[in-house]
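The values are calculated or read from the model by the stated rules, or taken from the named source; none is laboratory data. Values in this document were obtained by computation on a predicted structure and should not be read as measured data. Ideal geometry is used to build each Cβ from the backbone, glycine not excepted, and the neighbour counts take in all protein chains shown.
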Amino acid sequence: MDTVDTKTRSRMMAAVGHKNTKPEMILRRALHHNGFRYVFNDKRLPGSPDLVFKKYHSIVFVHGCFWHRHGCKYSTIPRTRVHFWNKKFEANIKRDLKNIAELKKLGWHVKVIWECQLKGSEKQILREVKIIIKWLKNKDIHVC
């Protein structure tokens with residue numbers, strides 16, 4: 001059972017940000033530190049991608065495991081209103097796939113990095129950043 005009323009819960013959930021999240025900021029700082037420049041949350045592109053690397057014609061989405069259903073330990077399902085949440089999650093996944101398909105059709109290279117990949121030790125985060133840097137620089141790695 002929820003500990004707050006429906007109106008309060010709705011207000012709380014509406015306040016959950018979709019821009020400048022902690023995982024996104026970690027990645028942005030690390031890539032900027034390594035000399036990469038990007039545009040973030042470009043509303044002119046499908047899905048307002050988190051990071052747009054025009055020089056590399058590449059896009060990186062930083063997805064929250066809960067909202068985008070990664071399948072890891074962070075993608076739990078709330079115990080109340082299960083049907084509502086399943087519908088919500090299905091719509092999110094469908095929208096993500098549609099946006100990625102549209103971006104690829106426009107010729108963009110697209111990569112999704114998950115919130116859980118940017119949690120943990122500094123060593124783990126650095127490993128993920130190196131993978132993205134390699135992906136950006138090496139056109140052979142781009143799989144559309």
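Among the residues in the stretch 99-110, are any within 25 Å of MET25 (Cα to Cα), assigned to a helix (DSSP H, G or I), of a type outside the set (A, V, I, L, M) and modelled with pLDDT of 95 or more?
So far as the stretch 99-110 goes, yes, one or more of its residues are within 25 Å of MET25 (Cα to Cα), assigned to a helix (DSSP H, G or I), of a type outside the set (A, V, I, L, M) and modelled with pLDDT of 95 or more.
Which pairs have Cβ atoms under 8 Å, sit 6 or more apart or on different chains, and link a residue in the stretch 118-138 that is among the small types (Gly, Ala, Ser) to one that is loosely packed, with under 12 Cβ neighbours inside 10 Å and not in a helix (DSSP H, G or I)?
none
Between residues in the stretch 57-79 that are part of a loop (DSSP other than H, G, I, E, B) and residues that are basic (Lys, Arg), which pairs lie under 8 Å by C-beta distance while being six or more apart or on different chains?
Between residues of the stretch 57-79 that are part of a loop (DSSP other than H, G, I, E, B) and residues that are basic (Lys, Arg), the close pairs are SER75/ARG69.
Name the single residue, out of those in the stretch 29-56 being under 16 Å from LYS130 (Cα atoms) and free of Cβ contacts under 8 Å to residues at least 24 places away in the same chain, that is surrounded by the fewest Cβ atoms within 10 Å (Cβ to Cβ).
Applying the filter and picking the extreme gives GLY35.
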